[in-house]
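The values are calculated or read from the model by the stated rules, or taken from the named source; none is laboratory data. Everything numeric in this text was worked out from a predicted model, so none of it was measured. Cβ placement follows ideal geometry from the backbone for every residue including glycine, while neighbour counts extend to all protein chains displayed. These area figures cover heavy atoms from the full protein model, side chains too; ligands, DNA and RNA do not enter into them. Shrake-Rupley method; radii C 1.70, N 1.55, O 1.52, S 1.80 Å.
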Amino acid sequence: MRVLPIGLIVLGLFTGVTYGESQLPRVYTHWESFHTSDGLPSDKVFCVAVDRDRVWAGTDGGLACYEDGSWKSYTTEDGLTHNAVLSVAVDPATRDVWAGTMGGLTHLSAGRLKRFTQFNSGLPNDVVFGVAVENQNVWVATTVGEGRYRVREDCWDMYTPENSPQHEPWGYSVDYHDGKVWAALWGGGVLEFDVETEQWKDYLDPDGEMEIDLFRDDGIIHVITTAVSYRDGILWAATYFGLSSYDGHSWRGYMDHDTGLASNFINFIKARNRVGWACTDKGLSAVHYDTNRWVTYAPREDPMDYQGPWTARIFEEGELIETVPLEDGLANNFVLGVDFQGDDVWVATSKGVSHGSLSAGGERGHD
């Protein structure tokens, strides 16, 4: 545990800034959670997506929207393709919502829902694990490959091992940023699609080992990838065996035994600027690419005792330097999704939605 220099302590007395507050990732000390008792259609939440002053949550009981302090739900009775909503993406230009479900893709626009299935459209498969908006196109990750829906032309492109370098077609997530679409494949590593050239590129684990990471930092840590996120020139790839990052030149691997990562079992990853947020089965971890500073939110003692006391643990270069007790923790340690709203963070867990803020009450301003 590090002892703070007297200069920092004095500075904090005069400025009111506590240690770690101005450093990235910052420490969120105020948490609130939402459950079915608050209006969610189900406590099992697969994903969250922020749309300015709205927050969308995909649950196994329907799609929910949090706005003006209350939740509104959409189910199959309203036109949703399936009540189990695995992924959600919002079009930043139109604010239309695209929901990937266990039974197809749903488009929500101006209160009207349109259904896409493998039987009434070119959707590759009805199980849509991931969805992303790319300009006027919508991408999906399904169990048989990736698909691109050209909204203006109302037509589909399908990508499988036959027309793209997919070693396994099982897609877990898709992401779009800065002219490139990224896909995470279960057993197939990561795919990169250049929108301008329409060319694919694959990223695999060079050592080819499935049981261990034989050579550290030689490439992606494992080919069983669950999510990808590309921001500020950094690619983040989540796997069930650890986390990887790539700056276009060098790879880095992160594991729970020598970093601040809560667990190697990572369900989802999302980056904001140069900070990657990893959603694991034992808590939520955030790491800054440049400083290797970590903040991990997890139960204080038993990592599975989500009803017990929680802490925010701060690591620098793999060393635990501070533990911050939290009055309230996340709804559950099994974290499945994360997104950002202004300075706030929203988290999907297997027992509800959690909202973290830097101060009591939080700020729910626009990004």
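Express in whole angstrom the spacing between the alpha-carbon centres of the stretch 28-51 and the stretch 135-167. Using only Cα atoms, the two centres lie 30 Å from each other.
To the nearest 20 debye, what charge dipole does the stretch 135-189 have about its Cα centre, counting +1 at the Cβ of each Lys and Arg and -1 at the Cβ of each Asp and Glu? In debye, rounded to 20, the stretch 135-189 gives about 100. Average accessible surface for the stretch 261-305: 33 Å² per residue, computed with a 1.4 Å probe over protein heavy atoms with every protein chain in place. Between the stretch 262-307 and the stretch 217-240, the C-alpha centres lie 15 angstrom from each other. Compared with the direct C-alpha span, the chain from Glu162 to Asp258 gains 30.6 nm at full extension, assuming 0.36 nm per residue.
Considering Cα pairs under 8 angstrom that are at least six residues apart, work out the relative contact order of the chain and quote it in whole percent. Before the final figure, lay out the partial values.
Working: 1074 pairs, mean separation 51.7, N = 367.
This gives 14 percent for the chain.
Length available on full extension from Glu32 to Glu198: 0.36 nm per residue minus the Cα-Cα distance, which gives 55.4 nm. Helix content alone sets the calculated 222 nm mean residue ellipticity of the chain: runs of n ≥ 4 DSSP H residues at -39500 (n - 2.57) each, divided across all residues, give -1000 deg cm²/dmol. Comparing Asn137, Leu320, Gly253 along the charge dipole axis of the chain, the residue lying farthest to the positive side is Asn137, per the Cβ-charge model. If you wrap the stretch 225-367 in the convex hull of its Cα atoms and look at it from every side, the mean projected area works out to 8.1 nm². The residues of the stretch 173-257 expose, per residue, 41 Å² of accessible area to a 1.4 Å probe. Principal axis extents of the C-alpha atoms in the chain (largest first, rounded to whole Å): 66, 49, 34. Peptides 313-321, 165-173 ranked from most to least packed, by the mean per-residue count of other Cβ atoms within 10 Å: 165-173, 313-321.
Report, to the nearest whole %, how much of the accessible area of the stretch 26-76 belongs to carbon and sulfur atoms, 1.4 Å probe, protein only. Summing carbon and sulfur atoms, their accessible area is 37 percent of the total for the stretch 26-76.
Say R0 is 35 Å: what FRET efficiency, to the nearest 0.05, do Lys180 and Glu319 get from their beta-carbon distance? Mind showing how you got there, number by number?
On the way: r = 35 Å, r/R0 = 1.00.
The calculated FRET efficiency here is 0.50.
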